[in-house]
C-alpha cells in the first residue's frame, strides 16, 4: 500500500465518522449563516442610510414649500390687513376721530393659520393711546388696550387704562400695562 493512499483512506474514514461529518456540516452551516447574516446586516445599514438621506431631502422640500406658502399667505394677509385698517379708520372718522394718528401692522400667524392686524391709534384730544389686535378676515377682536390720559397727566392714579387679551383657549386675560399687553399679544403677532 502506498503512503498517499493510506493517508487518503484514513482521511476518508475520519470524514465517514458520523460525529466528524456532523461537526463539519455544522461548521459549514455556521459559516454560511455568518456570511448571509453579514450580507443582510450590510444591506440593512445601506437601506437605513438611504432612507435617512431621503427623509432629509423631503424635509428640505417641505420647508421650501412651507416658506413659499407662507409668503403667499403673508401677501394675502397684507392686502386684507390694509382693507381692515382702512375700514377701521373710516369708522373712526365717522365718529369724529379725525385728529388721531394711526398706524397698523399685519402678520400672518402660520401656527394659528390666521391673519392679524394690530392697529395703534394715538388720540390727540383727549390724549389717549389705543391698540387693537383683530382678525383681518373675520373681524373678531383678540386684544384691546386703551390708555386714557386726561389733561396729559403723568400721574398713574389719574390715568385710566383698559387692557384685555383673549387667549387662544378663549379665556379673557386682563393686563395692567402696555408692556404686559405687548407680551400677551406676541402669540398673535409673532411666531
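Laboratory data are not the source of any read-out in this text; all were calculated from the coordinates shown. Note that this is a predicted model, so its numbers are computed, not measured. As a convention, Cβ positions derive from the backbone with ideal geometry for all residues, glycine included, and neighbour counts pool all protein chains shown.
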| said: How much length would be gained if the chain were fully extended between residue 164 and residue 137, taking 0.36 nm per residue of separation minus their Cα-Cα distance, in nm to one decimal? | reply: 7.6 nm
| Theoretical gain in end-to-end length, residue 90 to residue 178 [0.36 nm per residue, Cα-Cα removed] | 29.2 nm
| request: Order these peptides, 171-180, 24-33, 82-91, 106-115, by their mean beta-carbon neighbour count within 10 angstrom, highest first. | output: 106-115, 82-91, 171-180, 24-33
| remark: residue 191 and residue 45 label points (each 7 Å along its Cα→Cβ direction) are spaced in nm at 4.0
| query | By how many nm would the segment from residue 144 to residue 53 grow when fully extended, if each residue of separation counts as 0.36 nm and the alpha-carbon distance is taken off? | reply | 27.9 nm
